[in-house]
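Have a look at the structure below before the remarks.
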Amino acid sequence: MSAGQPLKVTICGAGRTGHLAAVLFGQRPDVEVTLLSGQTGIPALYRNSGARLRARLPDGSELTSTPACVTANPEEGCRDADIAIVTAPSHARERVLQSLAPALPRHKPVFVGAIPGFNGFDWLAERWLGHLGNVVLWGMKDVPHIAFDLKPGRSVRLGGAKSQLYVATHRRQTREQAEMLLSHLRRLYQAPVSLLHDYLEITLTPGNPIMHSAVIYGLIGPWGQWHNHAFSHIPCWWNDCPELGAYFLARCDAENQALCRAAETTLGIDLSSVQPLLQEIVEAYGEQIADRRTLLSTLRTNRAYHGISLPLLPQDGTAGYQFDRQHRVFQEDIACGLGLLVALGDRLRVPVPQMREIFLWCRDYMGNAPPHVSLPDEWPLQEAAASCV
């Protein structure tokens, strides 16, 4: 990319994270934004909203942006992209990557990454884009901002922001490519952006796969207050986090740390950056947390998490509510994310009984939905061999 030219960014996914990114990137004078949606109705909703996207800030103010293009056509959305950011949920990413493969430029480096980059995005992207030598694969450790209350094609609300951002590249990428990626991302984000040593630092960072599943299990699992009962109201994920959910989450977090230690030994890598969940949250949100004494108090008093409701639907024939089993917390965080962690435990021969218990129960609750695990058949043997070369 020549000096002085705008950075051309294609955001692949018009959900909460993608919508917010389109607005925030649109505040940058040297960035040209395209919003590519898999939902064919999004361009029409955008035009009907006055061809402007909006983000409502915590103080009540509003940011607006007019992307260069809002489209459902991958050829139109990607034809001149410098960087493509996949924000679609994990269970939809295979379809997104398949559509990107023929549409990406071939004449220049194109940086294709995921935000957030967990649930094995590096392996999935290699499967569909690995044959393209000009494509650089990467992921971000977590979402840079909390986004919620989406009105598709129109507006979204911004919650708390991360004070530090971390990214990793696929093992095939060079240091020079990683430095070029950092240069692009530092044009997009105000928060400092640092490079991790290994992509597993993203895959094993404690986050939504254990956080959402533990709360669900603590609420409606066999020992939960709402087991086999409709909710009488709509609680919030974290302001109203149950003690039982925090207990299950702490056990899953300990098992996740055991996975890290086993991966370090097997692959000869350093995963010390993957901290226990409590430390991750405190470092990410700092002064936005009123009470950091315990994991439960940290979850309940983090202003960045405030007001995010459980994904509940009215229950037929009652005045109560039940979980939306098609929501992304089930399809992405459990079928993809928690399923992958359980599979990693099997491959690394690490017992993960709490994760497995929650995963199997949630899978049954979803209707025995199959897991969407992107783990290569030869892992970890192939990567362990490569580490020894």
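The values are calculated or read from the model by the stated rules, or taken from the named source; none is laboratory data. All values reported here derive from a predicted model rather than from experimental measurement. With ideal geometry, Cβ positions are generated from the backbone for all residues, glycine too; neighbour counts draw on all protein chains shown.
Kindly indicate whether GLY345 is buried (at least 23 other Cβ atoms within 10 Å of the Cβ) and part of a helix (DSSP H, G or I). No: the conditions fail for GLY345.
The set of residues from region 88-112 being in a loop (DSSP other than H, G, I, E, B) and in contact with an Asp or Glu (Cβ under 7 Å, 6 or more places away or on another chain) comprises PRO89, ALA103, PRO105. Candidates are the residues of region 356-370 that are surrounded by fewer than 18 Cβ atoms within 10 Å (Cβ to Cβ) and either in the same structural domain as ASN119 (by TED's automatic domain parsing) or in a loop (DSSP other than H, G, I, E, B) (or both); the one that is modelled with the lowest pLDDT is PRO370. Residues in region 295-308 that are free of Cβ contacts under 8 Å to residues at least 24 places away in the same chain and surrounded by fewer than 17 Cβ atoms within 10 Å (Cβ to Cβ): SER297 alone. When the residues of region 41-98 are filtered to those that are of a type in the set (Lys, Arg) and closer than 30 Å to LEU132 by Cα, the one that is surrounded by the fewest Cβ atoms within 10 Å (Cβ to Cβ) is ARG95. Has region 309-332 got at least one residue that is within 30 Å of THR266 (Cβ to Cβ) and either at pLDDT 95 or above or surrounded by fewer than 16 Cβ atoms within 10 Å (Cβ to Cβ) (or both)? No: zero hits. Within the option set GLY13, GLY41, GLY50, being under 16 Å from LYS151 (Cβ atoms) and within 21 Å of the chain's Cα centre (by Cα) holds for one residue only, GLY13.
From the list ALA14, ALA44, ALA55, the one residue that fits, being in the same structural domain as ARG106 (by TED's automatic domain parsing) and part of a loop (DSSP other than H, G, I, E, B), is ALA14. Among the conditions (1) buried (at least 20 other Cβ atoms within 10 Å of the Cβ); (2) under 18 Å from PHE118 (Cβ atoms); (3) at pLDDT 95 or above; (4) under 21 Å from the mean Cα position of the chain (by Cα), TRP238 misses just one, which is (2). Residue count for region 58-87 under the criterion of being in a loop (DSSP other than H, G, I, E, B), of a type in the set (Ser, Thr, Tyr) and more than 17 Å from GLN27 (Cα to Cα): the result is 1.
Consider VAL9 carefully, then state whether it is of a type outside the set (D, E, K, R), in a helix (DSSP H, G or I) and modelled with pLDDT of 95 or more. Judged against the criteria, VAL9 is not a match.
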